[in-house]
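Structure, as structure tokens:
The values are calculated or read from the model by the stated rules, or taken from the named source; none is laboratory data. Since the model is a prediction, treat every value here as computed from it, not as a measurement. A quick note on method: Cβ atoms are made from the backbone with ideal geometry, for glycine too, and the neighbour counts reach across all protein chains shown.
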Amino acid sequence: MGERDEPEVIGRRVQRLRGEQGMTQRQLAEPTYTPAYISTLEAGRVRPSDAALRHIATRLGVAFDELATGRPAHLVTGLRLRLTEAQRTLATGEAEQACGQYAALLAEAESLDVAEVRAAALLGLGECALDTGELSDARGRFEQAERMLRDEPLPARVPALRGRAVSHYLAGELRYAVYLLESTLDELNRGGLHDPDALLLLYASVIGPYMDMGAHARAAQAAEFALALAPSVADPALVARMHRSVARTLLAEGRTAEADASLAKAAELYRQLQIRTELANCHWMRGYVCAQNGRLEQAEAELRQAQAMLTAGRSALYSSQVAVELADVLHRRGKSEDAAALLHGVLGELSSERGAVHAAAAHRLLGIIAEDARSNETAEEHYVRALSLLERAGAAGDLADLCRLLGDLLRRTGRVEAALDAYRTGLGHRTAPGTTTLGPAPAQPPL
């Protein structure tokens, strides 16, 4: 049963509307109900069913929602239309403009007490905050939406839960993000709540944290589930996001041609939908694929296009993350000065609470550039900063590699014992291929 007023409030409303139209209780009741039922309803002593309210609304010539809530139907419809417009604005990369639209909608929805629009506006504000890198604000919005939706079925709460998990992931809290996503997946699958949209959203979102934690086998399995669910999902934007996430796993398995194919599918869907931010992310991943495959010139072009699109959309955090990967390509192309300048320019946008993994990657690359310039002290400082960021984030695979770099530097400068400590630390963080220190994997969907 949907949102509605209490029985006594509805009863008084029915009595008033009936009186305004000069109808008797018998005329309102016929042919389905009795005058006695209408009398009991108007006295507020019975909670009418949806069917009864629809019958009465039809007899009175008013909308069902207006009879059930007292709100004129056109006001609620207007809010929903504006909500769709705000969603489109956000999808095209105009996060700041969308934020204003969602804020106005939230205020009006609160004044009219339209719960579904309030929850959707909070989710939209959370997504806007993710785009602009305001992770604490994003988390707060998603938590508010969760509280509003607490009495709804779990699939309806998944977008809020997923948003909160992503805000933790981008803040560098990988393990907690995975816990939120996995526990929600487990509850959906064990409870028989096999909603394809909800499952696909969760599986696509957990691939990134899995990869950063070195849990490649789980990332691959999540990608397989996502691909299997895609034909059941009607939302092309969701399918496109899934293809982008799956490409990262395919790349880790050395399946570059398939990764490129997934990214091409995603790019085409995003072009159709004109979703600039997600299309920029697609160029980002294509650049990453090209870089890993040694096609550095093409990688630079793709990453520069992604950065330009994200900057235009004012997606500051994502733009900074792309800049780190672009700097790596520039360094590999022999443009180390340009790479260092780019990294120093974006480090202010990244921190342990805001893009920790990419902040660590920036310091790691600055350390390598400093080593190449024989500035060992500066290199060590950057490696130590990167190590601290990665330890907080729990990015096991990157930690092992960084400890090797630091150990090699310490050994070359004659500090053998310190180098051995660094190597031991790296070995402690190393995981065998396809393993993870996470708990049991969530229950599987019935595909």
Which ones in the range 330-361 are of a type in the set (A, V, I, L, M) and under 19 Å from E302 (Cα atoms)? L330, A339, L342, L343, V346
Filter the range 5-56 down to residues that are acidic (D, E), under 20 Å from G70 (Cβ atoms) and not in a helix (DSSP H, G or I), then give me how many there are. 2
Report yes if some residue within the range 122-140 is surrounded by 15 or more Cβ atoms within 10 Å (Cβ to Cβ) and farther than 21 Å from L317 by Cα; otherwise report no. no
Conditions: (1) modelled with pLDDT under 75; (2) touching an Asp or Glu at 6+ places or on another chain (Cβ under 9 Å); (3) closer than 24 Å to Y288 by Cβ. S351 meets all but one. Number of the miss? (2)
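Which one of these is surrounded by 15 or more Cβ atoms within 10 Å (Cβ to Cβ) and either polar (S, T, N, Q) or more than 20 Å from D197 (Cβ to Cβ) (or both): A91, A43, A95?
Sole residue among the options that is surrounded by 15 or more Cβ atoms within 10 Å (Cβ to Cβ) and either polar (S, T, N, Q) or more than 20 Å from D197 (Cβ to Cβ) (or both): A95.
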Which of the residues that make up the range 361-399 are touching a residue at least 24 places away in the same chain (Cβ under 8 Å), out of contact with any Lys or Arg (no Cβ under 6 Å at 6 or more places or on another chain), among the small types (G, A, S) and buried (at least 17 other Cβ atoms within 10 Å of the Cβ)? A361, A362, G367, A379, A393, A395, A396, G397
Can you find a residue that is at pLDDT 75 or above, within 20 Å of the chain's Cα centre (by Cα) and acidic (D, E) anywhere in the range 212-235? yes
Give D260, D186, D197 a once-over and let me know the one that is within 27 Å of V117 (Cβ to Cβ) and surrounded by fewer than 24 Cβ atoms within 10 Å (Cβ to Cβ). D197
Of the candidates L251, L202, L227, the one satisfying the condition of being surrounded by 21 or more Cβ atoms within 10 Å (Cβ to Cβ) and over 18 Å from R286 (Cα atoms) is L202
Tally the residues that are in a helix (DSSP H, G or I), in contact (Cβ under 8 Å) with a residue 40 or more places away in the chain and within 14 Å of the chain's Cα centre (by Cα), restricting the search to the range 96-135. 7
